[in-house]
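See structure below.
The values are calculated or read from the model by the stated rules, or taken from the named source; none is laboratory data. Everything quoted here is computed from the prediction, not taken from an experiment. Cβ placement follows ideal geometry from the backbone for every residue including glycine, while neighbour counts extend to all protein chains displayed.
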Amino acid sequence: MQHSETGGSEMPESVKTVIVYDAASGDIRHVHQVITMPGAVAPEQSVAERDAMLLAKEEGYESSGLSCLTVDAEKLNVQARYRVDVKRGVLVEIPEAKGK
């Protein structure tokens, strides 16, 4: 995921993405980005995951069957679809259906 500098604003120091997913199927339920600007302190991973789970719950998802995976936003293709491989605990791209 690319971020660009506009209007003299600073570039983020880091961008992490917390994926909230169904622990049984790997289907993604919520995506939460944590953007840390220069000079700011990045939240602990546990805090970012807690916030992501709270937002997923606000969207109507029951948190008992959900898990979190934190990934580097720069490695994501914004045009791709993803799911989590629950056995390996990694994000995998879903191939586009043929004919599209």
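Quick look at the values:
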{"quantity": "Subset of the range 36-70 [over 11 Å from the mean Cα position of the chain (by Cα), of a type outside the set (A, V, I, L, M) and surrounded by 12 or more Cβ atoms within 10 Å (Cβ to Cβ)]", "calculated": "Thr36, Pro43, Gln45, Arg50, Asp51, Lys57, Tyr61, Ser63, Gly65, Ser67"}
{"quantity": "Residue list for the range 71-91, restricted to those being assigned to a strand (DSSP E or B) and surrounded by fewer than 16 Cβ atoms within 10 Å (Cβ to Cβ)", "calculated": "Asp72, Arg81, Asp85, Val90"}
{"quantity": "Odd one out for Met53, checked against (1) assigned to a strand (DSSP E or B); (2) modelled with pLDDT of 95 or more", "calculated": "(1)"}
{"quantity": "Qualifying residue in the range 24-40 (condition: assigned to a helix (DSSP H, G or I) and touching a Ser or Thr at 6+ places or on another chain (Cβ under 8 Å))", "calculated": "no"}
